[in-house]
Each structure stands twice: as C-alpha cells, then as structure tokens.
Amino acid sequence: MRFSEAWLREWVNPPIDTATLSAQLSMAGLEVDAVEPAAPPFRDVVVGHVMAVEPHPDAAKLRLCRVDVGIAGDFRIKKAKLRGIESFGMICSAAELGLADTSDGILVLPSTAPVGKDVRVTMALDDQCIELDLTPDRGDCLSMAGVAREVGVLNRVPVCVPPMTSVTAVIDDQMTVDLCATAACPRYLCRVVQGIDPAADTPLWMQERLRRGRLRPIGAVVDITNYVLLELGQPMHAFDLQQIQDGIQVRMAYPGEPLALLNGDRVKLREDTLVIADAQHAVAMAGIMGGAETAVNEATRDVLLESAFFSPTAISGRARAYGLHTDSSHRFERGVDPQLQRIAMERATRLLCDIVGGRPGPVVTAVSDPDLPKPRELVLRRQRIPQVLGIELEDEQISDILTRLGMHVEPADGGWRVTPPSSRFDLELEVDLIAELGRIYGYNNIPVTHARSAATTRAPLEMAFDLERVRQVLVSRGFHEAITYSFVSPQQQSQIDPDLTPLSLANPLSAEFSVMRTSLWPGLLQAARQNLSRQQSRVRLFESGLRFRDAGDGLQQQAMLAGLSVGPTLPEQWGERLRQVDFYDLKADVEAVLAASGCSADCDFIAVSHPALHPGQCARIERHGRELGWIGTLHPSLSATLEVPPELHLFELDTESLGGSLKPKFVPLSKFPSIRRDIAIVVNAAVAFDSVRHCVEDAAGELLRDLLLFDVYIGDKIESGRKSMALGLILQADSQTLTDQDVESVMARVVDRLATDVNAQLRT
C-alpha cells in the first residue's frame, strides 16, 4: 500500500513529522517499507500558458510556441538558438520532470492553474510517498480510510472523512441482477449512469493521488473507480452499458468458457472461477479483471457501475492460477469490509457526476443475507491479558483502546464482550483482541522482563536417534552435506522408482522440477554429476531431508538420510596407491552410521534387487525384519544415462526407524587375556557372511568378542558352487583366563552349528 502523506493529512493530521509518523506506523504493525519524495528535486519550473503554436521554418518535427509565463520571479533564462530561432525556455513533459516513466507530449495542467506560479506549488509536489508492507491479515489498511483510522487511534486525533452523501437518481433505468453463486458473492450492487462525457479529463489532483499510489491514470471513469479503491478500499468496476445484454448474472464459469481480458490475454476459464456475465457469456472475472468487450472507451456514453462483496475463498488463488495479480484481487483475497459497498457506490457516483457528468439511476442491490459475514461477539477475559502481554492494564485503558478501534464493548463477568467493526474481519479470537491492546498501548512501552519457568530441563534420551551425531560421523569420514530441491524431474524420478507414481505440482517452477521426490537419490545424483563435471574426481555427499509419497488418503512424508560415494577412497597422495571406492567402503560408512545410532546389532543386509541399483551389488537393510533402507552400486544403464562413473555407490536410510534402540549399558573391560582361533570353512557360494556370523555368535555366546572374515577363496581347490571363508574368532572371559579346554569346547560348538545351519565343512 503506497499513498501520499499530504492526502493522509487531509483525513487525519497529527502534530508529528514524517519520520515520527513512519516509526509510529511500523511500531503499530503497519511496517513502513519506504518513504520517498513525490517528485524529483527540480526547481525554476513555472506554469505557462501556450498562446500560439507555429511550425519551425527549418525543421519539420519542431514547433515554435509562444508562451505566457507571467512574472515568474527574479531568475533569468539564458537565451539559446534552436535551428536558427532564439528560444527562451523549454516546455516540459511529465517524463522530463520525473513524474512519469513515459509521456506523449507536454504536461497539460487545468485552465485554472495560475500562470507564472511555481509548478511544485501548483501540483503540491513537496510531498512524501509512504509505502507500507502489510501482513495478509491487515487488508483493512489497504486504503486511505484504513490508514487514517489507525493514525487517528494512535494519536488520539479525529479523522475527517470526506462527504459521502447519497446521489439521488434522476432516471429510472436499472439493470437486473441474478445471484447464482451466493456463497461466493452474497452482495452485488450496480447502478446505471447515462450521458457521461467520454472526453472529460481526470482532474490533476486525482491523477497525482493515483500516481503517488502507483496507479497509472487511464481515463476519467476508470480513474474514478481506482480512486475509490485507494480511498475506501472497495474495488469497483465500470462496464460499457451498451455491451451488456439482458441483465447481470453472478455465477461460476463454465469449464473452458472463453474470456478476453482487459490486458489483452484470452483465457479459458475453470469451473471454480467466479464470473460476472450477461445473458450470453462471461464479461468479467469477478474481483480480478474485467473483460475487453465491455470495457469503457472513448466512445462510451452510458456506464454500469459495479460494487460487490466477493468472498475471500472465492477469489484466493484464482488470479495466480491465470498468471494475474491485480489491485482488486489483492484486496478481495485478503478481505473487504462487507458493509462498504453502498458507501463506495455513492462516492463513485458523486465523483462521476462531478467529473464526467451523467444522469444516475437507482442503486440495484442483490443480497443473500445468510451468506454475508456475521458480526462476531468475542469474550475478553481480564485475567488472560497479563498472561499474554506480561503487564497489567487498567480497565479504563482496555475499554478506551477497544472503543477507539471502533469496537462495541460491554462489561461481562470477569471481562468484556467485544464486537469488532465489520472492517476488522481479522479479529476472530480472544488473543487477537489482546494483540490489539498491546499494539495500541505500544509494545515499546512494555518493560523487558526475563522469562521464568518452573519446568526442568531434560537431557536427550540416549536411545533416541541423534541426527547431529550422525552428521558428525559422516563428515569425519570425508562426506560433505548437501541440500537439494524437493522437486525433481519426472524422468529421473521414474528411473529411480519406476513402480511409484510421484506427486505432481500444480504450478511447477519448470518441467525439470514438476514432481515431488520419492527418494533423496535424484537430487544427490544431480549434485554429484555437477561436481564431477567440474573436475571434482572424489565426491562424497550426504543429505537429510523428506521424501514424499502418495499414501492414498493423503501425503506421506518420511525423514530420510541418503548419501553417495564415487572416486578414489583417499585424496591423491604419495604414500598410498589410489583405489576406487567400492560397495564395501560405503557399507562401512553405513555401518558407522548404524553404530552411532545404536542399532547396528539389530540390522541385516539382505541381497535383493532394486531398479536403480546394480543387480549384483545391492542390499536391502532391515531392522527386526522391517525395511530400514537400501545400499548398492548405481545400475549400469542409469549411470550411462546420467553420464556418471559406473563405480558410484548409494545408500538411503529411514531415520524414523533408526531410533528406539536399547539404552547403552556399561560393560567393564576384562582383565584377562583374549585368545584368537582361526578356522576355514567351505560353504555354498550363495551363503552370505551374515548367516555365518549369526551361527558363530549364537554358538560362541558371551565369550565371542569379535569375528573377522579375513579371506574368501573360490577356485580350483574348491568344488564348483562352493567357496572357502577364513574366520578369526576373538574369545575372552570376564572372570578368568580361558583354558585350551574352554576354547576347544567353544570351537566345537561353533563347527557343529555351522554344519547344521549352513552346511559348512572344515577346510583342511
């Protein structure tokens, strides 16, 4: 909202300067975004009367003007020759004075402008333009009347409202109105005005107020409706009466119904769009923009004025759906005073008759009272105010502030019953009234106090998943944290999860960001590709974020942790040979994450396939039989499509399933020596080490402190379909030194269990 300070002071004029006024508005919640002069600081420009215009004898595009500037003052204008003709000055356009971006010719002033007077005085250019950055709930301040009310309340000064007298109808012509969508438009007013002068000019004072409010003067009729919008906050529209056929209908659009708009766009309307229509077709997009066919132009002699209340829910989001944003939609989607339409109609009619003439007809009102917003009575408890604001206010102060804000206040048991004015549609709860008390009392007047609390702080549960600890683990292992978009390409998403249908965005940023990710891998793969293309051969990235899936009855959001690794295991150096990272390197990283989460003992890696991963280097990570995540090497076809190295490895974990592990338990270190025993077993080639590990752990019991797989052999000395696994068992007791008999007993149980469960044979 941008307005002229001089105009504001015609409504309310507190004894404070511009800087104080701006600070006061900001502290009251109406943030002042900018204060700018209404015009550049030019001087020595006076009003002149063009007496005659003649063609230049030597230049076809130039004109010679004889201008009367009266007795302009004691400054002198230096003579200059223009194509051989002496010139004593320059006639300025609005653009040359900095009052407009472009202009077609000289700045024409009213005939009543005093010749020779400083144009800054004539046009009241020594003014400031104040721009407010309003929050969406303060739609009542999107007008001069709304801002003036606030300034009057803050400074305890009266507001001088311009005369808003009714205009008597002098003709009987009227337009019939049919409300077909009463919930979207419960009140619609219109009025016929015949015989206007289409050549009449908008008064300079109105043009300047519009310009300072960032509205471009277009024509007298349109300027008047825009002026009422700025002054009162009620959007209005004017139709060319001759283009309206057989009455007005306020209805929802037919699917695909065409409409040519004032800005030149041709749109096909959606069925959730409210329109103003005649008997044949839609003529305007209600509360957003009028149609080109019924627009007022230089040939219009009869107009139909519209002033309506459109429900915010009927307008909200509709303009954006068509790529539009207008001053009308900006106000209607935030809310307009439902009692303002008649006042605005009378004000616009009076201005119309004064500026362009015309004969007004009666005001036609179509209303659905059950659908209009009802005044709400709120209960304000006295004891609740200090609990929220932290200060005690006297009862007289409370009643005074609420009354100054235009509210109806009645005493009640323990407080007050308060009815906000129709313009304050944002006040719905008791806490809203308390916020108003704090705002007008002045938050800067509330003393600073330290908060007190009897609540005791609790240390985080040791068994809870700690994302920060996991981040530190991954960073210490050479990973960098990444943050990628939640929107991804549908093509890449289908390659990662072909069996899942991603959620599509209604208004995507682009085709490459048109669906919600079902996995964190697409963003990480794109980030890796970008890094690799910039000569970063060693890339290790991880990300924590949400993935989004269709749950049938709603949106399912899951917190995930994902990572990838590609390139050498270590940075290039002289002491180590370069080796490319492999599946087991990333598996070690994942195991470190699981260990930091306290659930490594509960997790298993199951060899199954995933469409995005290499069929021979892929595993599903399970915890207690439930899927926890995936790990594997990128599928060769996908690596070729993305143009990344085939040795790129990925993991993804569901962080919500990582918590809830057993509480850590202290175990003292044994004072007795450990003993190592090595065995080599032959098993089927399909047997995973994880199965072997479970057998050994179950058979050895508490004496087993560690199990090492230090060799795997498949070759001529082993029968086909079998493999040899060399195991190292570290045994240790807490209460004694293990004897050879103790160790041999454990090893015998281990060998028997391996033979029974995985058909293992000792290799000799």
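Since every read-out is calculated from the coordinates, none of them should be taken as a lab result. As the structure is a prediction and not an experimental result, all values here were calculated from the model. Every residue, glycine as well, gets a Cβ built from its backbone with ideal geometry; the counts of neighbours run over all protein chains shown.
General remarks:
- The calculated FRET efficiency for ALA412 paired with THR449, based on their beta-carbon distance and R0 = 41 Å, is about 0.90.
- Classified by the C-alpha gyration tensor, segment 675-762 has a prolate form. Its axis ratio a/c, with a ≥ b ≥ c, is 1.5 or above, and a/b is larger than b/c.
- Charged neighbours of GLN617, selected by a Cβ distance under 14 Å, balance to -1 (K, R count +1; D, E count -1).
- The HN-Hα couplings worked out from phi for segment 571-577 by the Karplus form 6.51 cos²θ - 1.76 cosθ + 1.60 (θ = phi - 60°) are x, 4, 7, 7, x, 9, 6 Hz, whole numbers, x standing for Gly and Pro.
- When the alpha carbon gyration tensor of segment 301-428 is reduced to an equivalent ellipsoid, its three semi-axes come out at 38, 19, 14 angstrom, largest first.
- Taking other C-beta atoms within 10 Å as the exposure proxy, SER670, SER111 rank SER111, SER670 from fewest upward.
- Whether segment 96-197 is rounded, prolate or oblate, judged on the alpha carbon gyration tensor where a/c under 1.5 counts as rounded: oblate
- When TYR485, TYR188, TYR322 are arranged by Cβ crowding within 10 Å, least crowded first, meaning fewest neighbours, the order is TYR485, TYR322, TYR188.
- Hypothetical label at SER93: residues of segment 106-120 whose amide nitrogen lies under 11 Å (7 Å Cα-Cβ projection): 106-107
- Distances between placed amide hydrogens fall under 5 Å for VAL177 paired with ILE248, all partners being 5 or more residues away or on another chain.
- Model label points for GLN536 and ARG469, set 7 angstrom from Cα along the Cα-to-Cβ axis, are 2.9 nm apart.
- Nearest 10 degrees, 0 to 90: helix 395-404 Cα axis against the chain principal axis: 60 degrees
- In this simple spin-label model, placing a label point 7 Å from the Cα along the Cα-to-Cβ direction at both ASP369 and LEU389 gives a separation of 3.7 nm.
- Normalised Debye scattering of the chain at q = 0.06, 0.08, 0.10 Å⁻¹ gives log10 I(q)/I(0) of -0.66, -0.92, -1.12, counting only Cα atoms as equal scatterers and leaving out solvent.
- For ASP246 and SER670, a Förster radius of 60 Å and the Cβ-Cβ distance give a FRET efficiency of 0.05, rounded to the nearest 0.05.
- Summary value for segment 464-578: 24 percent relative contact order, contacts being C-alpha pairs under 8 angstrom separated by 6+ residues.
- Taking the C-alpha atoms of segment 467-657, convex hull volume expressed per residue in Å³: 127 Å³
- Computed extension length for TYR254-LEU762: 174.8 nm, one decimal, from 0.36 nm per residue of separation with the Cα-Cα distance subtracted.
- Three-way shape call for segment 506-610 based on the alpha-carbon gyration tensor, with the a/c threshold at 1.5: oblate
- About its Cα centre, segment 328-482 has a charge dipole of approximately 420 debye under the convention of +1 per Lys or Arg Cβ and -1 per Asp or Glu Cβ, with nothing else charged.
- Rough spin-label spacing in nm, given labels placed 7 Å along Cα→Cβ, for SER600 and MET747: 2.7 nm
- Neighbour-count order for THR294, THR176, THR182, THR112, fewest beta carbons within 10 angstrom listed first: THR112, THR176, THR182, THR294
- Per-residue HN-Hα couplings for segment 253-269 [Karplus 6.51, -1.76, 1.60; θ = phi - 60°; Hz; x = Gly/Pro]: 5, 7, x, x, 4, x, 8, 8, 8, 4, 7, x, 6, 10, 10, 9, 6
- Relative contact order %, segment 378-444, counting alpha carbon pairs below 8 Å whose residues are six or more apart: 39 percent
- Karplus (6.51, -1.76, 1.60) ³J(HN,Hα), θ = phi - 60°, over segment 160-169, in Hz, Gly and Pro reported as x: 9, 7, x, x, 10, 6, 6, 9, 6, 5
- FRET E, pair ARG320, ASP354, Förster distance 45 Å, beta-carbon r, rounded to 0.05: 0.75
- Normalising the average separation of contacting C-alpha pairs (under 8 angstrom, six or more residues apart) by the number of residues puts the relative contact order of the chain at 9 percent.
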